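These notes are about the structure you will find just below.
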Amino acid sequence: MAAHERLAWYAQHFEMVEVNSTFYSVPDQRTVERWCATTPPAFIFDVKLHQFFSFHSTQRKLLPPELQRLVHADAKGKVTASATLRDALLEYFLRPMSILRSGGKLGVFLLQLSPAFSPRKHELSELESLIDKLDDYQLAIEFRNRNWLVGDQLRSTIDFLRKREVGFVNVDAPASDHFSVVPSDLNEITNPNFSYLRLHGRDTKAYLSGKTVAARFNYDYSDKEIGEVADRSGRLAQDAKDVHVVFNNNNLDYAPRAATRLRRALGQPGALPSAQTPELF
């Protein structure tokens, strides 16, 4: 299937998508207009915020061309973070997002923090400026450093999000105490309008040592595990208006097939063609 055909095909089977490409670049307005035109009126786009906002090291080439000429970068092309650059990039980022918003198709902004964002080196207050600037949007934060979510720190983190009505991203991940693996036994709702659940698979070795995204999240959920996800989604739905469930086990066609099986387990319509579609997503 050609790349330009995939979204329309996907939208025949699912009601929302999490956009990953925006983590690496700001889409141009024509691209976002095509997203809107290709999908049904009620289709929703959850959008991952650019990696610069989430304390990841960022290459200058991943910024909009207009900003690339204005920033400082080291010998390896990594930009120097600053509030001025953050504000400028956010302005560029929100322009195409306004197209989704005006079409009623913008769901939640996802801030996927770097594992390097730890309570030993950082403060939650460092997130406040971005949260304030996105106050008029739905925002969810996924922590990738478990130290924010264990012991006494857990309540401080959840209280911080709840006070600001920022969604907490619950996860399904391998059973591990590694600092980059967030506990899977949390079902926190910090904004009553929505809950967010991301599923990364349960293969500890792959998650911690995979050299590519496909290798790291190479996991095919069993029917029993899909049933567990369905039960968990139902519990979240008791206290949140909407529940966004996203499969991130993105090797081969594992994610869309798992999502289809979850829909069936939840009594929702939806089926994928019987033929395998490796590397489709």
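The values are calculated or read from the model by the stated rules, or taken from the named source; none is laboratory data. Since this is a predicted model, take the numbers as computed values, not measurements. Reconstructed Cβ throughout: ideal geometry from the backbone, glycine too, with neighbour counts over all protein chains shown. Side chains are part of the model used for accessible areas, which takes the heavy atoms of the whole protein and leaves out ligands, DNA and RNA. Shrake-Rupley method; radii C 1.70, N 1.55, O 1.52, S 1.80 Å.
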- For a label point 7 Å from the Cα of ALA37 along Cα→C-beta, name the residues of the range 91-120 whose backbone N is under 16 Å from it. 99-100, 103
- To the nearest 0.05, the calculated FRET efficiency linking ALA116 and GLU228 through their beta-carbon distance, R0 being 41 Å, is 0.85
- Message: Can you list the DSSP H helices in the chain whose Cα atoms extend at least 20 Å along the helix axis and whose mean Kyte-Doolittle hydropathy is -1.0 or higher?
- Response: 83-102, 223-237
- Task: Pull out a ≥ b ≥ c, the square roots of the eigenvalues of the alpha-carbon gyration tensor of the range 58-175, then state rounded if a/c is under 1.5, prolate if not and a/b is larger than b/c, and oblate in the remaining case.
- Result: oblate
- Going from most exposed to least, what order do SER209, SER176 have by accessible area with a 1.4 Å probe? SER209, SER176
- For VAL47, enumerate residues with amide H under 5 Å from its amide H, sequence gap 5+ or separate chain, H modeled in the peptide plane. VAL19, GLY107, VAL108, PHE109, LEU110
- Message: Out of the total accessible area of the chain (probe 1.4 Å, heavy atoms of protein only), what percent is carbon and sulfur?
- Response: 50
- Mind giving me the nanometre distance, one decimal, between the label points for ASP74 and GLN153, set 7 Å out from Cα along Cα→Cβ? 2.4
- Taking the Cα centre of the chain as origin, work out the dipole magnitude from +1 charges on Lys and Arg Cβ and -1 charges on Asp and Glu Cβ, in debye rounded to 20. 580
- Inter-centroid distance (Cα atoms) of the range 167-186 relative to the range 39-94, Å: 26
- Task: Sum up the charges of everything whose Cβ sits under 13 Å from the Cβ of PHE117, counting Lys and Arg as +1 and Asp and Glu as -1, but leave PHE117 out.
- Result: +1
- Message: Give me the percent relative contact order of the chain, please, defined on Cα pairs under 8 angstrom at least 6 residues apart.
- Response: 13
- Given Cβ charges of +1 for Lys and Arg and -1 for Asp and Glu, the option among PRO174, LEU236, ASN218 whose Cα lies farthest towards the positive end of the dipole of the chain is ASN218
- Item | Stokes-Einstein D (µm²/s) once Rh is taken as the Kirkwood radius of the chain over alpha-carbon pairs, at 10 °C in 1.306 mPa s | 80
- Message: Rolling a 1.4 Å sphere over the protein heavy atoms, what is the accessible area per residue of the range 1-157, to the nearest Å²?
- Response: 51
- Query: With labels modelled as points extended 7 Å from the Cα through the Cβ direction, what inter-label distance (nm, one decimal) is found for GLU5 paired with SER98?
  - Reply: 3.6
- Item | Dipole axis of the chain (+1 Lys, Arg; -1 Asp, Glu on Cβ), positive-most option in PHE43, ASN20, LEU186 | ASN20
- Query: When the chain is fully extended, how far beyond the present Cα-Cα distance does PHE179 get from GLU15, taking 0.36 nm per residue of separation?
  - Reply: 55.7 nm
- With r defined as the distance between the Cβ atoms of ASP136 and ASP87 and R0 fixed at 25 Å, what FRET efficiency is calculated, to the nearest 0.05? 0.95
- Length gained, GLN268-ASP28, 0.36 nm per residue minus C-alpha separation, equals 83.0 nm
